[in-house]
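The values are calculated or read from the model by the stated rules, or taken from the named source; none is laboratory data. Predicted, not measured: the structure shown is a model, and the values here were computed from it. Cβ placement follows ideal geometry from the backbone for every residue including glycine, while neighbour counts extend to all protein chains displayed.
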Amino acid sequence: MNLTRIKEILNKLTGFNENISLEARIFHAICIISFFVLAISLPFNILYGLNELAILMGILQIITVIFYYLSRIHNKLKLSVTLFALTANGLFVANYYFSSGINGPGMLLFLLGIFLITVLAPSNQYAYWLALNILEVVTFILLEYHYPSLIEYRYSNLLMQYADIGSTYILTVLLIFLATNHIRKSYYLEKIASEQKAKDLKLANETKNKLLSILAHDLRSPLSSIQSYLEALAELKPEEIDRDSIEASLLNETKYTQQMLSNMLHWSKTQMGGVTVNLLPLNLKDAIMPTINLMQSIAIQKEISIEENINNSITVLADRDMLQLVIRNLLSNALKFTNPAGQININAKIEGNTSLITISDTGKGIPYEMQKDLFSVRVKSTFGTQNEKGVGLGLSLCKEFTELQNGTIRFESEPGKGTRFFISFKLASALS
């Protein structure tokens, strides 16, 4: 059995990677370590002629398994720790008596006992267990001092006595080392987990602030504009109204607000894990042409030409709604940052088992300092070539939705020379 397999078994026994507290995992580990240390000490006690002590060690092994079972299977940690501490104290007293008292290793086990109990017991019980431990030790020392014949010397010779003390010391040190090492490792792993949770919480807080900022500012702006246009229509005389201009402006504001709300809704669903991906074989051109045609009206107003070159035979494995949202956001960005009389090209070709979609524009490009965080919600929204206001969520959505469809997205951009986005999806034929 290799080391990895042993580690997996120990993690399973202690409850690591499960919804079990650090205190419980430490208790389980000490129970396991104690069981094996007792198993090692048992034959030594028989060898030294301490048969009564060997029986006690065997009983303690069984009791340790019972306490482990109570905590690990029935989640009775507090009860198990209390019973463990009481039993350990009782058995250490018996061990002291049957291992020749002050002439044996009994004091070492009392020291081991207070160490284990301090590790396992709740802090509000420390004083009680410490007082009990000291009281037991002092009582035995005084009794043995005043009544030397009270405890029988059980070793057959001096060598057996020294061997018992030496082997007990080694096993005690081994148990303390293993227990301490496990506690340190558990603490370190818990610390890493806590730090990761803190990072996740910080990111969630940044995300929340981003969403609130959008709600407080970006959504208010277009609604205020719509209100102003409607007030102008209500207050001005018919001959003073440039109806075509106002209607066009209202239409643009409404489209922008609708797109922003759509992005916010989809983005919020991804954060809450409420997005369902429905991957189906889709004809790429049929799937995205409605989105391209929808953007044509905005392109005409800015005098930007949109040209597509998509092979009619390309069939990808994708979610129709997600795919359209990705293309819509990328085209919206391209239109936003491209000057009038500019050009946007949409191309698609097959590369191996994937289809590569390229959306390029002749716009003003992305500043280098923004490129690192471009797909993050931390990126700040900027104004377009005609002061169009962005939402700041579009590219983050594009990345999340593309990856949910098992696709990839990347970009190339040079300030002043335009931007190209590359989206790759698996071909439906690759599935078969």
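What the table shows:
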quantity: Failed condition for Ile62, given (1) part of a helix (DSSP H, G or I); (2) in contact with a helix residue (DSSP H, G or I) (Cβ under 9 Å, 6 or more places away or on another chain); calculated: (2)
quantity: Checklist (1) over 22 Å from Asn103 (Cβ atoms); (2) in contact (Cβ under 8 Å) with a residue 60 or more places away in the chain applied to Leu50, failing item; calculated: (1)
quantity: Boolean, Gly49 is surrounded by fewer than 22 Cβ atoms within 10 Å (Cβ to Cβ) and either within 46 Å of the chain's Cα centre (by Cα) or not small (Gly, Ala, Ser) (or both); calculated: no
quantity: Failed criterion for Ser71 (all others in (1) surrounded by 15 or more Cβ atoms within 10 Å (Cβ to Cβ); (2) outside any helix (DSSP H, G or I) hold); calculated: (2)
quantity: Some residue of the stretch 270-285 being at pLDDT 70 or above, assigned to a helix (DSSP H, G or I) and within 39 Å of the chain's Cα centre (by Cα); calculated: yes
quantity: Selected residue (criterion: surrounded by the fewest Cβ atoms within 10 Å (Cβ to Cβ)) from residues of the stretch 1-43 that are modelled with pLDDT of 80 or more and of a type in the set (Phe, Trp, Tyr); calculated: Phe36
quantity: The listed residue being assigned by TED's automatic domain parsing to the domain that holds Ile55, under 24 Å from Ile32 (Cβ atoms), free of Cβ contacts under 8 Å to residues at least 40 places away in the same chain and assigned to a helix (DSSP H, G or I), out of Leu86, Leu142, Leu109; calculated: Leu86
quantity: Any hit, the stretch 357-366, residues being at pLDDT 90 or above and among the hydrophobic types (A, V, I, L, M, F, W, C); calculated: yes
quantity: Segments classed as strands (runs of 3 or more DSSP E), wholly inside the stretch 304-381, with at least 3 members that are in the same structural domain as Thr408 (by TED's automatic domain parsing), farther than 20 Å from Glu400 by Cβ and in contact with a strand residue (DSSP E or B) (Cβ under 6 Å, 6 or more places away or on another chain); calculated: 305-310, 343-351, 354-361
quantity: Meets criteria (under 22 Å from Phe177 (Cβ atoms) and either surrounded by fewer than 18 Cβ atoms within 10 Å (Cβ to Cβ) or at pLDDT 90 or above (or both)) for Phe110; calculated: no
quantity: Verdict on Lys208 being outside the structural domain of Gln258 (by TED's automatic domain parsing), assigned to a helix (DSSP H, G or I) and at pLDDT below 75; calculated: yes
quantity: Single unsatisfied condition, Ile134 versus (1) within 23 Å of Thr14 (Cβ to Cβ); (2) of a type outside the set (S, T, N, Q); (3) out of contact with any helix residue (DSSP H, G or I) (no Cβ under 6 Å at 6 or more places or on another chain); calculated: (1)
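Conditions (1) among the charged types (D, E, K, R); (2) over 36 Å from the mean Cα position of the chain (by Cα), marked per residue:
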site: Asp321; (1), (2): yes, no
site: Leu325; (1), (2): no, no
site: Ser332; (1), (2): no, no
site: Thr338; (1), (2): no, yes
site: Ile344; (1), (2): no, yes
site: Lys349; (1), (2): yes, yes
site: Leu356; (1), (2): no, no
site: Ser376; (1), (2): no, no
